[in-house]
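Trainee: What follows is a structure written as structure tokens; I'll ask about it next.
Readers should treat all values here as calculations from the given coordinates under stated rules, not as data from a laboratory. Quick caveat, the model's predicted, so the values are computed rather than measured. Note that each Cβ is placed from the backbone with ideal geometry, even for glycine, and that neighbours are counted across all protein chains shown.
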Amino acid sequence: VPETQLKNTIKSLNKIISEIKKRKYKLKKVVFLGDIKHYFGYEWRERFYFNKVLDFLRNHVKDKDIILIKGNHDKFDFSGKKMKNYYFNKGLMFFHGHKEFPQVYEQRVKTIIMGHLHPSILLSDKQNIKREKYKCFLIGNYKRKEVIILPSFIGIIEGSAVNSQEYNRKDFSIIPHKNILKFNVFVVGKDKKVLNFGKVKRL
């Protein structure tokens, strides 16, 4: 959580929580999917700013219901050794996605929800003059499990364009790029409308 994004992050969380209440759902848990830190080394400001986010969330859920998953950037545990490698609840397995754990593929797991890739798509005209990048959600299947990959929550991180030629990096995620190409792409527009762009390989 960079300093410049602290207010925006809390503002975004507040909007989401307000929407949940408006739809008359009950907020029971908040799960962070890892990469809570940006810097690989210890940075006291990051800890200070992240604790501000946690203080805000504690007004809406109990501390024990804020689940922190460890990502590849999280070399230091800001939470007092509360960070988990994964979290399972009612058929859903939450984890970061940079590292495999056998528990992720257990029979009780129906859907895997992960981060790590920070997916986005790159759209351009036929002449490749105008190019725009959009954060996206990826939904597909891997090892007989439904997989949902979430984009970065922080505004300043647009993410990696999964449909660009430069993206094909080996061992970047537990899911090989050839499988990612078969995933469906969903972008949330400014009017909150969900746009289905089809499969990654067709973009």
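Trainee: Find the percent of Cα-Cα distances in the stretch 126-167 that exceed 15 Å, and round it to a whole number.
Mentor: Pairs farther apart than 15 Å: 57 percent.
Trainee: Which whole-number percent of Cα pairs in the stretch 103-203 have a distance greater than 22 Å?
Mentor: When every Cα pair of the stretch 103-203 is considered, 29 percent fall beyond 22 Å.
Trainee: Can you tell me the convex hull volume per residue for the chain, based on C-alpha atoms, in Å³ to the nearest whole number?
Mentor: Taking the convex hull of the Cα positions in the chain, it is 143 Å³ per residue.
Trainee: Would you calculate a helix-derived [θ] at 222 nm for the chain, using -39,500 (n - 2.57) for each DSSP H run of n ≥ 4 and dividing by the full residue count, to the nearest 500?
Mentor: -5500 deg cm²/dmol
Trainee: Listed here are the pairs Lys21/Lys126; Lys52/Lys135; Lys62/Lys199; Lys29/Lys192; Lys62/Lys143; Lys70/Lys126; which of them are more than 32 Å apart at the Cα?
Mentor: Listed pairs above 32 Å: Lys21/Lys126; Lys62/Lys199; Lys62/Lys143; Lys70/Lys126.
Trainee: Treat every Asp and Glu Cβ in the chain as -1 and every Lys and Arg Cβ as +1, leave all other atoms uncharged, and give the resulting dipole magnitude about the Cα centre to the nearest 20 debye.
Mentor: So the magnitude is around 820 debye.
Trainee: If you don't mind, there's one more thing I want to ask. With each label point set 7 Å from Cα along the Cα-Cβ vector, what nm distance links Lys178 and Arg58?
Mentor: Those two pseudo-labels are separated by 4.9 nm.
Trainee: Next question, about the same structure. Short version: what are the Cα gyration tensor semi-axes of the stretch 47-162, square root of 5 times each eigenvalue, largest first, in whole Å?
Mentor: 28, 21, 12
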